[in-house]
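Report on the structure given below.
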Amino acid sequence: MSAPGKIILSGEHFVVHGSYAVSAAIDRRVRVAISETPGQEFEIVSNEESSHLFADDERFKAAKSVLRRAIEQYGSPPTGIRVEIESEIPPGSGLGSSAATSVATSAAFVSFMGKSVSSEEVLRLASEGEKSVHGNPSGIDMRASYLGGIFLFNKGSGAKPIPIDRALQFLVVFSGKSRSTLELVSKVNRKREMFPASFDRLSQTASFLSLEVAQAVAKGDLPYLGSLMNLAQLSLAWIGVSTQELDELIETILCGDVFGVKITGAGGGGSIIALPKPDKADSLLHLVTTKYKSSFLTSIPQEGLRWES
Ligand code: PMV
C-alpha cells in the first residue's frame, strides 16, 4: 500500500479550531508492505532503522500506534510479521509524513488480515498514529493521504473534493528544519488564549480565504489563488508560526516569477509552497535548489491511497 503526503493551501492551524482549510495530495509517498515471518517477532524496518512493535523507543511512532490498536481490535496474526516502510517524505517537514505512514500502515494491516479496506476503518486506525504524533489532529492530513486530489475540509463537515480541469503545479521547499507539530499547535493555542477576539476574527478570515481558494482552484484563477496564499501567510506570521529563515525564504521566492507563496503545514521550520507563473516553475526551482537541495515541483491532483504490486 502507499499513501501520499500533502500540502495545505490555506487554513492550517485555524482548521484545528473549526475553520475551513484547503489541502492537496503531493507526489511524494510512503509505501508500507507487511509480510509473514516465522516465529512471533513483529519487526518494523526502513532503509535507515529498525525496531520491534512493542519496543519502547520513538522509532516508527505513528506506525506502531496504528499496529498496536489494530492488533487490539483484530487480534495478533498467527505468525510473526515484518512491516517494511519506505518513505519519500522527511518527518517533521510539514508535508504529512505521519499521516501518510498511518494511512498506508492501517490499510496494509487491514488487508493483511484479510478484512475489507473501508475508508472508515482505515481512517479510524490511522487516527491512532496521527494522535500519537500530533496530540489532537484536525484530520486534514489523513484525508489528503487517503483521498488524494484537492479538497475543502472542515472538522465538522469533512472533505469536499474540488473538481479541476487542468493540473496545478506547486514548488515545495523543505527548509531542512524538522519540528514538532504538537509544539506548534500548543504555541498557537497560547496565542489564542492571549488574544481571543483577534484569533476568532482570523479564524473566520481563514474560512473565508479557504472558500475563496476553493473557487479560485475550481476556476483555474491562478493570480487570485496566489494572492490568497499571500494573504494566508500574513495570518500565519501573526499567530507566530513563521521564522526569520522562512520569512527570508519567502522574500527570495517573491522576487521570482510567482503568484503566491506561504508556509504549508504547522510552520516553525518545515516547508513552504509557491505557485509559479506559467512556464516559470523550472526557473523557480533552480532559484531555490542551490540552498534547499530537497526542493521539488509537484503537480496536483495526485492519487490517494493505492495498492502497490
Ligand atoms: O505540519 P503538519 O504536516 O503536521 O500539518 C499540520 C496541520 C495543522 O493544521 C497545523 C494541524 C492539524 O491537525 O490540522
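Read-outs: derived from the displayed coordinates by stated rules, not from any lab. Since we're looking at a predicted model, the values are computed, not measured. Ideal geometry is used to build each Cβ from the backbone, glycine not excepted, and the neighbour counts take in all protein chains shown.
Just add up the charged neighbours of LEU209: K/R +1, D/E -1, any other residue whose Cβ is under 13 Å from the Cβ of LEU209. Please report the intermediate quantities before stating the final value.
Numbers: positive: ARG201, LYS262; negative: GLU12, GLU212.
Neighbour charge sum, excluding LEU209 itself: 0.
Fewest neighbouring Cβ atoms within 10 Å first, the residues HIS286, HIS134, HIS52 line up as HIS286, HIS52, HIS134.
Rg over Rh for the chain works out to 0.98, both radii taken from alpha-carbon positions and Rh defined as the Kirkwood radius.
Which length gain, in nm to one decimal place, applies between SER35 and ARG166 when the Cα-Cα distance is subtracted from 0.36 nm times their residue separation?
Result: 43.2 nm gained on full extension.
3J(HN,Hα) couplings calculated from phi for region 120-127 with the Karplus curve 6.51 cos²θ - 1.76 cosθ + 1.60 (θ = phi - 60°) are, in sequence order, 4, 5, 4, 6, 5, 5, 4, 5 Hz; Gly and Pro show x. Trypsin sites (Lys or Arg not before Pro), restricted to region 211-309: which are DSSP loop and have at most 15 other Cβ atoms within 10 Å? Hits after loop and neighbour filter: LYS291, LYS293.
Considering only the other residues whose Cβ falls under 15 Å of the Cβ of GLU88, what net charge follows from Lys and Arg at +1 and Asp and Glu at -1? Can you show the working numbers first?
Numbers: positive: LYS6, ARG28, ARG29, ARG31, LYS293, ARG306; negative: ASP27, GLU48, GLU84, GLU86, GLU303, GLU308.
So the environment of GLU88 carries a net charge of 0.
Return the ratio Rg/(2.2 N^0.38 Å) for region 61-166, where Rg is computed over Cα atoms only.
Compared with the compact-globule rule of thumb, region 61-166 sits at 1.10.
The overall shape of region 125-184, judged from the alpha-carbon gyration tensor, is oblate: a/c is not under 1.5, and a/b is no greater than b/c.
Couplings 3J(HN,Hα) for region 213-225, derived from phi with the Karplus relation 6.51 cos²θ - 1.76 cosθ + 1.60 (θ = phi - 60°), are 4, 4, 5, 4, 5, 4, 8, x, 8, 5, x, 5, 4 Hz, where x marks Gly and Pro. Placing a label point 7 Å from the Cα of SER119 along the Cα-to-Cβ direction, the residues of region 129-160 with a backbone N closer than 18 Å are 138-160.
Within region 137-194, list the trypsin sites (Lys or Arg not before Pro) lying in a DSSP loop whose Cβ has at most 12 other Cβ atoms in a 10 Å radius.
Numbers: sites: ARG143, LYS155, ARG166, LYS177, ARG179, LYS187, ARG190, LYS191, ARG192; in loops: LYS155, ARG166, LYS177, ARG179.
Those that pass, being in a loop and sparsely packed, are ARG166.
Across the chain, the longest piece that holds none of the chymotrypsin sites (Phe, Trp or Tyr not before Pro) lying in DSSP loops with up to 15 other C-beta atoms within 10 Å covers 55-306. Kindly identify region 176-294 as rounded, prolate or oblate by the Cα gyration tensor criterion: order the square roots of the eigenvalues as a ≥ b ≥ c, call it rounded if a/c is under 1.5, otherwise compare a/b with b/c, prolate if a/b is larger, else oblate. It is oblate, given that a/c is not under 1.5 and a/b is not larger than b/c. Comparing Cα centroids, region 205-261 and region 66-118 end up 34 angstrom apart. Overall, the chain carries a charge dipole of about 600 debye about its Cα centre when +1 sits on the Cβ of Lys and Arg and -1 on the Cβ of Asp and Glu, all other atoms neutral. Can you check what the net charge comes to around GLU193, using other residues whose Cβ is under 13 Å from the Cβ of GLU193 (Lys, Arg +1; Asp, Glu -1)? Here the charged neighbours net out to +3. Quick check on region 202-249: take the gyration tensor over C-alpha atoms, sort the square-rooted eigenvalues as a ≥ b ≥ c, and tell me if it's rounded (a/c under 1.5), prolate or oblate. The shape class here is oblate. Counting 0.36 nm for each residue step from THR290 to SER157 and taking away their Cα separation leaves a gain of 43.7 nm.
Couplings 3J(HN,Hα) for region 252-265, derived from phi with the Karplus relation 6.51 cos²θ - 1.76 cosθ + 1.60 (θ = phi - 60°), are 4, 5, 5, 6, x, 8, 10, 8, x, 8, 7, 5, 10, x Hz, where x marks Gly and Pro.
For the chain, the relative contact order is 27 percent, taking Cα pairs closer than 8 Å that sit 6 or more residues apart in sequence and dividing their mean separation by the residue count.
Loop-only check: which GluC sites (Glu not before Pro) in region 1-73 are DSSP coil with at most 16 other Cβ within 10 angstrom? Intermediate results must be reported in sequence, preceding the final value.
On the way: sites: GLU12, GLU36, GLU41, GLU43, GLU48, GLU49, GLU58, GLU72; in loops: GLU12, GLU41, GLU48, GLU49, GLU58.
Listed in order of number, the matching sites are GLU41, GLU48, GLU49, GLU58.
Computed from point charges on the beta carbon alone (+1 for Lys and Arg, -1 for Asp and Glu), the dipole magnitude for region 135-264 about its Cα centre is near 460 Debye.
Near GLY260, the amide H atoms lying under 5 Å from its own belong to LEU275; only residues 5 or more places off or on other chains count, and H is placed 1.01 Å from N. Extension gain for the segment GLN215 to ALA197, taken as residue separation times 0.36 nm less the Cα-Cα distance, is 3.7 nm to one decimal. Cross-link pairs exceeding 29 Å between alpha carbons, from the set LYS64/LYS187; LYS64/LYS291; LYS6/LYS291; LYS155/LYS187; LYS61/LYS187; LYS219/LYS293: LYS64/LYS291; LYS219/LYS293.
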